[in-house]
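Student: Got a structure for you, questions after.
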Amino acid sequence: MEHEADVIIVGAGLSGLIAAQEVIKAGRTPLILEANDRVGGRILTEEVMPGVPLELGAQWIGDTHHRMFELAAELGVETYSQFEDGETTYEINGPVMREAEFHSKNEADLAGLRAVLDKLDELSQQVDVESPWLSSQAAEWDAITAGTWLDSQGLGPIARTMIEICSVGILAVPTHEVSFLDLLYNVQVCGVTSELLAESEGGAQTTRFVGGTSEIPLRLVEKIGNPVIFDAQVQTIEYSNDSVKVICRNGVVARGRQVIVALAPTLAGRITYDPPLPGVRDQLTQRMPQASAVKVFAIYDEPFWRADGLNGQLISDIGPARMSNDSCLDTGDLGIILAFLEGEQARTFGRLPADELHAAVTQELGRHFGPKALKPELVVSGEWANRPYTRGCYNANMGPFAWTHFGSALAEPIGPIKWAATETATSWSAYMEGAVQAGRRAAAEALESIEG
């Protein structure tokens with residue numbers, strides 16, 4: 001079955017849908033080819049109980065995510081604030097403590113942590129977000145891992161553990177797997193470390209969507225007229241200077257003038273291109289693996305921890321979860337705690353049978369939030385590495401020398417082929433905000449090529 005459109009878009013995640021919207025606004029026709037049977041990509045909301053949507057994928061936006069707030073308003077999706085009142089519990093190099101006691105007993109270590117975060121902010125300002133490989137100290141920073149740099153800062157054991165947990169919470173891989181330049185890049189494209197790590201004002205996790213995050217892609221695809229073919233896994237892209245032919249595993253063939261590949265780089269690298277892409281692009285995608293993350297939700301009949309003066313957040317060096325959040329809905333009736341397993345924890349505990357994983361997480365929640373936490377009504381987990389059209393979450397990361405040797409190929413068009421997905425963004429990369437920016441940029445490039 002053959003189809004034609006001005007712009008063929010590979011992937012119906014947020015970047016692909018936004019690109020399609022921009023193409024339509026310009027009076028051109030898009031066609032989206034999606035390997036899954038749904039839209040949203042790394043956005044996935046599932047109703048696990050009547051009226052209880054859980055975010056197995058992307059969940060929050062932050063105060064400076066202006067594109068996402070505007071998109072939500074445009075689509076009529078309401079938002080509500082992340083609950084944050086109360087104390088965090090800490091389990092680092094000792095028993096569980098409440099926030100005030102933990103900070104009091106570890107004042108010197110935490111002062112060192114704040115100093116290192118300030119230093120990261122200062123150094124990140126020297127990173128060119130458009131061309132990180134051209135930054136003045138790019139060669140030096142890209143030659144070492146973020147973990148190596150953090151190890152050299154003279155932090156006490158508690159502070160070093162804290163910054164590792166917080167960094168892995170962003171990168172979803174251990175810091176010894178990413179270059180120091182990549183860590184600084186992540187800080188720079190997202191503002192400062194306070195914006196990345198905070199859940200309070202200015203942070204990256206301050207706001208949620210009424211009805212679930214999937215309301216965004218679902219309403220967006222409806223608004224643009226649903227130009228999507230599902231179960232269309234792209235195998236081959238044949239291209240010349242001004243035309244493309246996209247061939248899917250299910251027999252669908254799409255012809256157009258431009259193609260936007262709105263996939264994470266490693267997935268984009270699994271498509272066959274004819275003629276073959278330049279080696280630098282292929283070498284890049286070999287060096288941008290998807291990160292590892294598992295979300296585990298424990299559902300209770302009420303948010304009992306709030307009455308105890310707790311905010312539902314834990315930080316632990318024992319695990320299996322290193323961090324958690326109060327994930328209650330805007331109705332506020334049920335109690336929901338979300339436990340994060342990222343990096344090493346996702347790769348170990350995340351591979352356990354579901355009942356063993358859920359039992360381990362429940363025991364951890366009991367240590368932090370008391371005996372009521374040991375008796376959830378339901379536990380639900382979402383693992384991303386086994387999903388064939390995602391193969392990991394939340395993002396891709398660059399190891400040593402990837403930025404300086406191959407980074408220039410990340411978003412550089414190749415003939416009629418344009419690249420989207422949040423990894424190509426220069427503002428809030430790895431977030432929904434970045435996906436919107438990337439989709440708009442790729443669409444503008446495709447439209448310019450058509451009009452030019």
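Student: Is it the case that region 218-239 has a residue that's outside any strand (DSSP E or B), under 19 Å from residue 387 (Cα atoms), in contact with a helix residue (DSSP H, G or I) (Cβ under 8 Å, 6 or more places away or on another chain) and polar (S, T, N, Q)? Write out each step before concluding.
Tutor: Initial filter on region 218-239 (outside any strand (DSSP E or B)): 218-227, 230-233.
Add one more test, that the residue is under 19 Å from residue 387 (Cα atoms), and what stays is 230-233.
If we keep only those that are in contact with a helix residue (DSSP H, G or I) (Cβ under 8 Å, 6 or more places away or on another chain) too, we end up with none.
No, because not a single residue in region 218-239 is outside any strand (DSSP E or B), under 19 Å from residue 387 (Cα atoms), in contact with a helix residue (DSSP H, G or I) (Cβ under 8 Å, 6 or more places away or on another chain) and polar (S, T, N, Q).
Student: Would it be correct to say that residue 257 is open to solvent by 20 Å² or more (accessible area, probe 1.4 Å), in contact with an Asp or Glu (Cβ under 9 Å, 6 or more places away or on another chain), basic (Lys, Arg) and within 11 Å of residue 416 (Cβ to Cβ)? Write out each step before concluding.
Tutor: Values: open to solvent by 20 Å² or more (accessible area, probe 1.4 Å): yes; in contact with an Asp or Glu (Cβ under 9 Å, 6 or more places away or on another chain): yes; basic (Lys, Arg): yes; within 11 Å of residue 416 (Cβ to Cβ): yes.
Judged against the criteria, residue 257 is a match.
Student: Here are some residues: 272, 285. Which one is without any contact (Cβ under 8 Å) to a residue 60 or more places away in the chain and crowded, with 19+ Cβ neighbours inside 10 Å? Even if it seems obvious, please write down each step before you answer.
Tutor: Numbers: 272 fails: crowded, with 19+ Cβ neighbours inside 10 Å.
Criteria check complete, one pass: 285.
Student: Something else now. Quick check, is residue 143 at pLDDT 95 or above, farther than 23 Å from residue 316 by Cα and surrounded by fewer than 18 Cβ atoms within 10 Å (Cβ to Cβ)?
Tutor: On the way: at pLDDT 95 or above: yes; farther than 23 Å from residue 316 by Cα: yes; surrounded by fewer than 18 Cβ atoms within 10 Å (Cβ to Cβ): yes.
Yes; evaluated as a whole, the condition is true for this residue.
Student: Separate question: Output the residues belonging to region 40-63 that are modelled with pLDDT under 95 and within 28 Å of residue 9 (Cα to Cα).
Tutor: 62 - this is the single residue of region 40-63 that is modelled with pLDDT under 95 and within 28 Å of residue 9 (Cα to Cα).
Student: Report, by residue number, each residue of region 51-83 that is open to solvent by 50 Å² or more (accessible area, probe 1.4 Å), outside any strand (DSSP E or B) and among the small types (Gly, Ala, Ser).
Tutor: Of everything in region 51-83, those that are open to solvent by 50 Å² or more (accessible area, probe 1.4 Å), outside any strand (DSSP E or B) and among the small types (Gly, Ala, Ser) turn out to be 51, 73.
Student: Those residues that are assigned to a loop (DSSP other than H, G, I, E, B), surrounded by fewer than 18 Cβ atoms within 10 Å (Cβ to Cβ) and not hydrophobic (A, V, I, L, M, F, W, C), I need them from region 329-377; list them, please.
Tutor: Within region 329-377, 330, 331, 332, 333, 353, 370, 375, 377 meet the criteria.
Student: Taking residue 177 as meeting all but one of (1) open to solvent by less than 40 Å² (accessible area, probe 1.4 Å); (2) touching a residue at least 60 places away in the same chain (Cβ under 8 Å); (3) closer than 25 Å to residue 341 by Cα, write down the number of the exception.
Tutor: Residue 177 satisfies every listed condition except (1).
Student: Right, here's the next one. So, in region 280-310, of the ones that are within 23 Å of the chain's Cα centre (by Cα) and assigned to a strand (DSSP E or B), which residue ends up nearest to residue 172 (Cα to Cα)? Lay out the reasoning, then the answer.
Tutor: Restricting attention to region 280-310, the residues satisfying the condition of being within 23 Å of the chain's Cα centre (by Cα) are 281-298.
Restricting the remaining residues to those that are assigned to a strand (DSSP E or B) gives 290, 293-298.
Details: 290: 9, 293: 6, 294: 10, 295: 12, 296: 15, 297: 18, 298: 21 Å.
The qualifying residue nearest to residue 172 (Cα to Cα) is 293.
Student: Looking at (1) assigned to a strand (DSSP E or B); (2) under 28 Å from the mean Cα position of the chain (by Cα), find the lone condition where residue 277 falls short.
Tutor: Answer for residue 277: the failing condition is (1).
Yes or no, residue by residue, for (1) under 18 Å from residue 10 (Cα atoms); (2) open to solvent by less than 10 Å² (accessible area, probe 1.4 Å):
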{"position": "415", "(1), (2)": "yes, no"}
{"position": "418", "(1), (2)": "yes, yes"}
{"position": "426", "(1), (2)": "no, no"}
{"position": "430", "(1), (2)": "no, no"}
{"position": "436", "(1), (2)": "yes, yes"}
{"position": "440", "(1), (2)": "yes, no"}
{"position": "445", "(1), (2)": "yes, no"}
{"position": "448", "(1), (2)": "no, no"}
{"position": "452", "(1), (2)": "no, no"}
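Student: Which of the residues belonging to region 26-50 are buried (at least 20 other Cβ atoms within 10 Å of the Cβ), out of contact with any Cys (no Cβ under 8 Å at 6 or more places or on another chain) and part of a strand (DSSP E or B)?
Tutor: Answer for region 26-50, where residues must be buried (at least 20 other Cβ atoms within 10 Å of the Cβ), out of contact with any Cys (no Cβ under 8 Å at 6 or more places or on another chain) and part of a strand (DSSP E or B): 30, 31, 32, 40, 45.
Student: In region 121-137, how many are buried (at least 21 other Cβ atoms within 10 Å of the Cβ), under 24 Å from the mean Cα position of the chain (by Cα) and not β-branched (Val, Ile, Thr)? Write out each step before concluding.
Tutor: As a first pass, look at region 121-137 and keep what is buried (at least 21 other Cβ atoms within 10 Å of the Cβ): 124, 127, 132, 135.
Subset that is under 24 Å from the mean Cα position of the chain (by Cα): 124, 127, 132.
Next, from what is left, pick out any that are not β-branched (Val, Ile, Thr): 124, 132.
Final tally of qualifying residues: 2.
The values are calculated or read from the model by the stated rules, or taken from the named source; none is laboratory data. For clarity, every value in this text was computed on a predicted model and none was experimentally measured. Counting neighbours? That spans all protein chains shown, and the Cβs are built from the backbone with ideal geometry, glycine included. Heavy atoms of the whole protein, side chains included, go into the accessibility calculation; ligands, DNA and RNA do not. Shrake-Rupley method; radii C 1.70, N 1.55, O 1.52, S 1.80 Å.
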